[in-house]
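Student: Got a structure for you, written out below as structure tokens; questions coming shortly.
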Amino acid sequence: MKNRILKAFLIALLISPAFFLQAQAQEQEEDSLLRVIEKLQSDVSILSKIKISGYVQAQFQMTDSAGITSIAGGNFDKGIDKRFSVRRGRLKVAYNTALSQYVLQFDATESGMSVKDIYFKTTDPYLGAFSLTAGIFNRPFGYEIEYSSSQRESPERSMVFQTLFPGERDLGASLTIQPPKTSNYNFIKLDLGVFNGTGPKAKDFDNRKDFIGHLTLNKSYLQETLRVGLGASYYNGRVINGTKKVWSMSDNIFKVDSAAGNTSAYSERIFKGLEAQFAYISPLGLSQLRGEYLWGKQSGSSSSSKTPEVKPAGDTYVRDFAGYYIMFTQNIMQSKHQLVLKYDVYDPNTAVSGNEIGASGSGTKAGDIEYSTFGFGWVYRFDSNLKLTAYYDVVTNEKTNISGYTKDLKDNVFTLRLQYKF
């Protein structure tokens with residue numbers, strides 16, 4: 001009996017290290033597996049914060065005359081009245097956390113590649129009502145600037161916005177004040193920003209910064225079938241004078257101020273805007289009506305009221321301007337079809353009109369001519385990714401005393417665009 005107990009003890013003594021080693025190895029394997037799982041969870045968590053999106057707009061265009069000046073995707077080259085182009089080719093990368101966002105967006109076309117957006121946005125962790133955005137991003141002025149080109153029903157933005165805000169974006173910082181979604185006052189939003197005023201592609205060329213303020217109210221009614229948006233914008237900026245000569249309107253003519261100090265001084269740019277949007281869902285489909293009106297004072301050149309993107313080298317021309325657009329879209333019931341109507345006007349110099357422009361001694365030139373554009377089109381959405389747009393712009397200019405502008409130019413444009421978005 002004793003021998004049996006002794007043998008059992010010896011056997012247990014011999015095999016216990018093996019069991020111990022095996023248990024230790026199993027434990028190590030479990031720890032290693034846990035580390036792998038934790039690493040995978042960490043990687044998945046990081047990847048889930050990254051969002052990649054983009055779209056490409058391939059289009060064909062025809063115009064009435066070769067080599068026209070156009071806002072429908074840029075001027076046509078000399079001798080060209082038909083063209084294929086990639087209007088926009090965007091790739092956007094966003095990194096999102098609970099309280100911050102980083103965005104980098106590129107645009108690639110046949111003309112090359114450029115950076116469209118590069119900014120960060122961070123929200124306060126206490127109230128969730130204050131957000132700071134800094135970098136290159138859309139100017140917070142009006143509705144049409146921030147309305148994405150991939151969503152917009154017309155191929156291009158209105159002339160007044162293309163003239164006053166070329167490139168839509170600018171380099172600066174903006175504070176957004178909006179109560180969180182849980183608040184009854186979430187429908188109120190206020191943007192307050194300071195920008196270079198030179199657009200997204202140029203370094204600042206003066207010592208002044210431009211201020212933009214934008215207040216919006218957006219609310220739904222009738223069980224979410226009616227949505228109403230109202231807004232007001234204000235822009236206060238300056239542009240450095242290229243020479244000592246600053247021209248301004250008086251008694252329908254340009255008069256010059258040639259003070260020596262004007263060379264290092266600034267001329268003002270004051271824009272004001274009002275906006276409204278209405279969207280209504282009915283058995284006929286989604287109906288939308290949008291409009292904006294802008295007015296104020298703009299400092300440009302003799303030939304153009306466009307906001308300068310490089311340091312001016314010529315005389316400064318200060319003009320009072322006004323511009324607006326009205327846009328109506330109608331989805332055809334629950335189908336994939338949508339009809340679009342749009343009318344926009346831009347008058348760069350409200351002090352003169354018609355034959356007063358180009359009159360002897362007035363100093364007025366092509367930069368003072370008013371343009372109106374009536375656009376109509378059809379949109380067909382194959383699915384959430386693919387969209388086809390056929391659109392025609394009827395462009396009308398004032399009849400003036402300026403050679404080449406004594407009658408309406410033949411510069412209407414037809415655009416056929418196919419967009420793929422992901």
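Student: Among the aspartates and glutamates, which have Cα under 14 Å from the Cα of residue 244 when same-chain residues fewer than 8 positions away are ignored?
Tutor: Counting by Cα, and skipping residues close in sequence, residue 244 has these aspartates and glutamates nearby: 257, 315.
Student: Determine how many Å³ per residue the convex hull of the Cα atoms of the chain encloses.
Tutor: Here the figure is 243 Å³ per residue.
Student: Ok, one more. If you rank 191, 124 by how much accessible surface each has, with a 1.4 Å probe, what is the order from largest down?
Tutor: So the residues, ranked largest to smallest area, are 124, 191.
Student: Tell me, what % of the accessible area of the chain is carbon and sulfur with a 1.4 angstrom probe?
Tutor: 61 percent
Student: Once phi is turned into θ = phi - 60°, what whole-Hz ³J(HN,Hα) does the Karplus curve with 6.51, -1.76 and 1.60 give for every residue of segment 355-364, x standing for Gly and Pro?
Tutor: Taking θ as phi minus 60°, the curve returns 5, 5, 7, x, 5, 4, x, 7, x, 7 Hz for segment 355-364.
Student: Stokes-Einstein diffusion coefficient for segment 277-422 at 20 °C in a medium of 1.002 mPa s, Rh from the Kirkwood formula over Cα pairs: what value in µm²/s?
Tutor: D = 120 µm²/s.
Student: Of 182, 200, 160, which is farthest along the charge dipole of segment 152-258 in the positive direction, counting Lys and Arg as +1 and Asp and Glu as -1 at C-beta?
Tutor: With unit charges placed on the Cβ atoms, the residue in question is 200.
Student: Would you kindly state how much longer the chain becomes between residue 98 and residue 332 on full extension, computed as 0.36 nm times their sequence separation minus their alpha carbon distance, in nm to one decimal?
Tutor: Separation in residues times 0.36 nm, less the Cα-Cα distance, equals 80.4 nm.
Student: While we're here: Report residue 38's accessible area, 1.4 Å probe, all protein chains in place, as a number in Å² to the nearest 10.
Tutor: Counting only protein heavy atoms, residue 38 exposes about 110 Å² to solvent.
Student: Next up: For segment 120-131, what does the Karplus curve 6.51 cos²θ - 1.76 cosθ + 1.60, with θ = phi - 60°, yield as ³J(HN,Hα) per residue in whole Hz, taken in order and with x for Gly and Pro?
Tutor: 10, 9, 9, 10, 5, x, 9, 9, x, 10, 10, 10
Student: Let me ask you something else. Roughly what would the spin-label model give for residue 186 and residue 383, points 7 Å off Cα along C-beta, in nm?
Tutor: 3.1 nm
Student: What's the extension gain from residue 215 to residue 286 if we count 0.36 nm per residue and subtract their Cα-Cα distance?
Tutor: Between residue 215 and residue 286, full extension yields an extra 23.0 nm.
Student: Each label point is 7 Å from the Cα along the Cα-to-Cβ direction; what then is the distance between the points at residue 304 and residue 113, in nm?
Tutor: Each label point lies 7 Å from its Cα, and together they span 2.7 nm.
Student: State the answer as a single residue: which of 355, 132, 147 lies farthest towards the positive end of the charge dipole of the chain, with beta carbon charges of +1 for Lys and Arg and -1 for Asp and Glu, about the Cα centre.
Tutor: The residue sitting most towards the positive pole is 132.
Student: Give me the extension gain from residue 75 to residue 127: residue separation times 0.36 nm, minus the current Cα-Cα distance, reported in nm with one decimal.
Tutor: Gain on stretching residue 75 to residue 127: 13.9 nm.
Student: Same structure, new question: For residue 206, what accessible area in Å² do you get when you roll a 1.4 Å probe over the heavy atoms of the protein chains, rounding to the nearest 10?
Tutor: 20 Å²
Student: If R0 is 51 Å, what FRET efficiency do you get for residue 406 and residue 134 from their C-beta distance, rounded to 0.05?
Tutor: On the way: r = 49 Å, r/R0 = 0.96.
Efficiency at R0 = 51 Å is approximately 0.55.
Student: Compare the Cα positions of 45, 34, 277 along the charge dipole of the chain (+1 at Cβ of Lys, Arg; -1 at Cβ of Asp, Glu; about the Cα centre) and return the one farthest towards the positive end.
Tutor: So the residue we want is 34.
Student: Could I ask something else about it? Once ligands and nucleic acids are excluded and a 1.4 Å probe is used, how much of residue 183 is accessible, expressed in Å² to the nearest 10?
Tutor: 40 Å²
Student: With +1 assigned to the C-beta of every Lys and Arg and -1 to the C-beta of every Asp and Glu, and no other charges, what is the dipole magnitude of the chain about the Cα centre in debye, to the nearest 20?
Tutor: Result for the chain is approximately 1000 debye, rounded to the nearest 20.
Student: With Cβ to Cβ distances under 14 Å as the rule, what net charge do the other residues near residue 73 carry (K, R +1; D, E -1)?
Tutor: In short, 0.
Student: Hey, another quick one. Quickly estimate the mean residue ellipticity at 222 nm for the chain, helices only: each DSSP H run with n ≥ 4 gives -39500 (n - 2.57), and the total goes over all residues, rounded to 500. Kindly include the intermediate steps, with their values, before the conclusion.
Tutor: Details: 2 runs with 53 residues, N = 422.
Calculated from helices alone, the mean residue ellipticity at 222 nm is -4500 deg cm²/dmol.
The values are calculated or read from the model by the stated rules, or taken from the named source; none is laboratory data. Note that this is a predicted model, so its numbers are computed, not measured. Glycine gets a Cβ as well: all are built from the backbone with ideal geometry, and neighbour counts include every protein chain shown. Only protein heavy atoms, including side chains, enter the accessible area calculation; ligands, DNA and RNA are left aside. Shrake-Rupley method; radii C 1.70, N 1.55, O 1.52, S 1.80 Å.
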